[in-house]
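Encoded as structure tokens, the structure appears first; notes follow it.
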Amino acid sequence: MKKIVYIDLDNTLADYLGKCAEMGVNPAEGKHIEGFFRGLKPMPGAIESYGKLCQYFDVYILSTAPWSNPHSLLEKVEWVKQYLPSAYKNVIFSHHKDLNIGDYLIDDADKNGAKEFRGQHIKIHSDKFPTWDSVVEFILRQENIA
Ligand SMILES: [Mg+2]
């Protein structure tokens with residue numbers, strides 16, 4: 001049985017902050033705007049890394065949709081369809097990521113249960129895991145995959 005990897009969307013796969021800068025909105029505000037999640041660009045290396053992980057693991061997108069902006073659910077699914085079509089039916093929305101059973105959670109943040117995740121929380125864009133390459137390299141090494 002393959003191990004399970006969850007991947008966060010905003011600022012992990014998709015460039016949330018880049019879109020905020022482009023629109024000139026405060027990062028705390030972007031997620032509340034209808035249409036905001038359309039047109040987010042992939043983070044550098046994200047799509048390639050997702051593909052690589054899919055070769056060895058069961059990979060799911062685990063994202064939180066702002067309660068106040070239900071359009072975000074649709075817009076995030078559309079983003080996944082556009083950039084990661086192989087994630088078909090592997091998208092999970094939750095404010096409680098710790099309730100998902102699995103081995104790895106790649107997430108830039110501690111919130112919405114990420115910090116309490118019972119597998120290993122790989123905090124991307126931290127000092128330890130500054131890039132997607134560093135994340136993939138770490139996981140493959142830990143799993144003894146060449
Ligand atoms: Mg995030």
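No value in this document is a laboratory result; all are computed from the given coordinates. These figures come from a predicted structure and were not determined experimentally. Cβ coordinates were reconstructed from backbone atoms using ideal geometry, including for glycine residues, and neighbour counts include every protein chain displayed.
For this structure, a couple of remarks:
- Scanning the stretch 4-25 for residues that are in a loop (DSSP other than H, G, I, E, B) and under 17 Å from Thr131 (Cβ atoms) yields Asp8, Asn11, Thr12, Leu13, Asp15.
- Hits in the stretch 107-146 (condition: exposed (fewer than 13 other Cβ atoms within 10 Å of the Cβ), basic (Lys, Arg) and more than 18 Å from Lys2 (Cα to Cα)): Lys111, Lys128
- Residues within the stretch 55-89 that are more than 17 Å from Phe36 (Cβ to Cβ), free of Cβ contacts under 8 Å to residues at least 60 places away in the same chain and of a type in the set (A, V, I, L, M), tallied: 4
- For Leu9, the stated conditions hold: it is within 12 Å of the ligand (Cβ to nearest atom), of a type outside the set (Asp, Glu), touching a residue at least 60 places away in the same chain (Cβ under 8 Å) and touching a Ser or Thr at 6+ places or on another chain (Cβ under 8 Å).
- Check on Ala28, in contact with a Lys or Arg (Cβ under 7 Å, 6 or more places away or on another chain), within 16 Å of the ligand (Cβ to nearest atom) and in a loop (DSSP other than H, G, I, E, B): no
- Test result for Lys123, basic (Lys, Arg), closer than 22 Å to Glu143 by Cβ and touching a Gly at 6+ places or on another chain (Cβ under 9 Å): no
- Scanning the stretch 31-57 for residues that are among the hydroxyl-bearing types (Ser, Thr, Tyr) and in a loop (DSSP other than H, G, I, E, B) yields a single hit, Tyr56.
- When the strands (runs of 3 or more DSSP E) confined to the stretch 58-125 are screened for residues that are farther than 21 Å from Pro44 by Cα and of a type in the set (A, V, I, L, M), those reaching at least 1 such residues are found at 91-93.
- For Gly113, the conditions (1) in contact (Cβ under 8 Å) with a residue 24 or more places away in the chain; (2) touching a His at 6+ places or on another chain (Cβ under 8 Å); (3) more than 19 Å from Ile139 (Cα to Cα) all hold with the exception of (1).
Results for (1) more than 19 Å from His121 (Cβ to Cβ); (2) basic (Lys, Arg); (3) surrounded by 16 or more Cβ atoms within 10 Å (Cβ to Cβ), shown as yes or no for each residue.
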{"position": "Lys2", "(1), (2), (3)": "yes, yes, no"}
{"position": "Ile7", "(1), (2), (3)": "no, no, yes"}
{"position": "Cys20", "(1), (2), (3)": "yes, no, yes"}
{"position": "Phe37", "(1), (2), (3)": "yes, no, yes"}
{"position": "Pro44", "(1), (2), (3)": "yes, no, no"}
{"position": "Ser49", "(1), (2), (3)": "no, no, yes"}
{"position": "Ser86", "(1), (2), (3)": "yes, no, no"}
{"position": "Lys97", "(1), (2), (3)": "no, yes, yes"}
